[in-house]
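Structure first, then comments.
The values are calculated or read from the model by the stated rules, or taken from the named source; none is laboratory data. The structure displayed is predicted, hence computed values, not measured ones. FYI the Cβ positions are ideal-geometry reconstructions off the backbone, even for glycines, and counts take in every protein chain you see.
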Amino acid sequence: MTGNRDEDGVSVVVRRRIHPELQKPFEQWLAGIIDVASGFEGHLGAQVLRPPDPADQDYVLLFRYETAAQLAAWQTSETARDWLERGMAFTVGEVQIDKVTGLEFWFQVPAGAARKPPATYKMVVATVIGLYPLILFVAPVIAGQLSAVPRPVSVLATVFCMVLLMTYMVMPLVTRALARWLF
């Protein structure tokens, strides 16, 4: 591995509206770019948030990398430039690209929404919805598996697992499910 691992990794969020009649070839392009990006060092995964109606909303693609240097290696590669150029054939308007670190992408404002974050109480409710099942079901399992280790270590491991799950699985699902209400 090259470079230092960023504290929480680094992500790039790409939003693009596509021509509705080109949804099928766009999906093929999407699968291709994700496959190619996964071959780059430090790639931690990709997630696609698909709109219910591509004519009215944007696709959101999230690429995660271990370090900013590894993300930059992908973004500045000839391979990425070639794939992104090909993707423009499906795109209506400008592509929006945001680099984010840590947990801030949990509540990224969709391009079609008013350009302001959700109300604080809505973010609290969404976070509680995400955390509740983890605390109820996952935390006891982890604690049970680590019962032989000192409590501070067990708590640290539990928190680490919960943050990973919240960041990469739970909050993207909760945010997508509650998008209309949140934004």
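Couple of notes before you dig in:
- Applying the condition of being over 25 Å from Leu165 (Cα atoms) and either crowded, with 18+ Cβ neighbours inside 10 Å or hydroxyl-bearing (Ser, Thr, Tyr) (or both) to segment 38-57 and asking which residue is modelled with the highest pLDDT yields Gln57.
- Matching residues in segment 13-33 - criterion: being in a helix (DSSP H, G or I) and touching a residue at least 24 places away in the same chain (Cβ under 8 Å): Pro20, Leu22, Gln23, Pro25, Phe26, Trp29, Leu30, Gly32, Ile33
- Within segment 10-31, the residues that satisfy the criterion of being under 18 Å from the mean Cα position of the chain (by Cα) and of a type outside the set (A, V, I, L, M, F, W, C) are Ser11, Arg15, Arg16, Arg17, Glu27.
- Residue that is modelled with the highest pLDDT [pool: residues in segment 88-105 that are under 17 Å from Leu44 (Cβ atoms) and among the hydrophobic types (A, V, I, L, M, F, W, C)]: Val100
- Test: Glu85 is closer than 25 Å to Leu165 by Cα, modelled with pLDDT of 80 or more, surrounded by fewer than 17 Cβ atoms within 10 Å (Cβ to Cβ) and more than 16 Å from the chain's Cα centre (by Cα): no
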